[in-house]
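Only one structure is covered here, and it is reproduced in the block below.
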Amino acid sequence: MFAAIRSTRTAAICATRSSLMVARLYSTKPDVSFEELQKVIHGVTKKPYVLVDVREPSEVSEGKVPTAVNIPLGDVAAAFAMPSDKFIAQYRIDRPSEEEDVIFYCRSGKRSQKAIDEVARVDTSLTLRNYRGSWLDYSEKALNNKPLK
């Protein structure tokens with residue numbers, strides 16, 4: 001019994017370390033803060049970027065960060081595996097390139113990290129970043145809304 005518990009714990013630790021090593025391969029920049037996001041979307045930062053909202057369309061209808069394109073989490077891996085012409089037709093923006101930071105957000109930061117993990121499996125050339133505060137943080141700070149619980 002103890003051997004099974006130890007084996008399970010060891011497997012979980014190895015899986016976590018493996019995930020961290022994969023994360024380091026594709027995301028060399030830290031998470032995006034609210035302040036940095038403000039500079040990016042208002043053109044203060046000159047680095048090209050694509051801002052991706054991975055929430056469901058029903059959630060996006062309640063509001064979104066300016067300049068964001070909606071690619072729901074369930075579609076994100078397939079979207080980033082698409083050829084450029086199909087990506088443009090589907091999302092009406094150019095497919096992100098390695099010169100751009102691709103910043104993901106969701107409601108609270110969890111799905112956006114999953115999106116980063118999924119995109120990293122299909123395109124290792126991109127710089128993937130997470131606005132971990134996500135919509136709850138943005139709506140509270142930029143729109144002066146109380147956070148939803």
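The values are calculated or read from the model by the stated rules, or taken from the named source; none is laboratory data. The shown structure was predicted, so the numbers you read here are calculated from the model rather than taken from an experiment. Because the Cβ atoms are built from the backbone with ideal geometry, glycine has one as well, and the counts that use them run over all protein chains shown. Note: areas computed on protein heavy atoms with side chains; ligands, DNA, RNA excluded. Shrake-Rupley method; radii C 1.70, N 1.55, O 1.52, S 1.80 Å.
Summary table
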| read-out | value |
| --- | --- |
| Solvent-accessible area per residue for the stretch 90-140 (1.4 angstrom probe, square angstrom) | 46 Å² |
| Inter-site label distance for Ser58 and Glu99 at 7 Å from Cα along Cβ, in nm | 4.0 nm |
| Coarse-grained scattering of the stretch 70-119 at q = 0.19, 0.32 Å⁻¹, given as base-10 log I(q)/I(0) from a Debye sum over alpha-carbon atoms | -0.62, -1.33 |
| Rule-of-thumb Rg ratio for the stretch 59-149 [Cα; 2.2 N^0.38 Å; N residues] | 1.11 |
| All aspartates and glutamates inside 19 Å of Lys39 as judged from Cα atoms, apart from same-chain residues fewer than 8 positions distant | Asp31, Asp53, Glu99, Glu100, Asp101, Asp137, Glu140 |
| Distant-in-sequence amide H partners of Asp101 (H built 1.01 Å from N, under 5 Å) | Tyr49, Val50 |
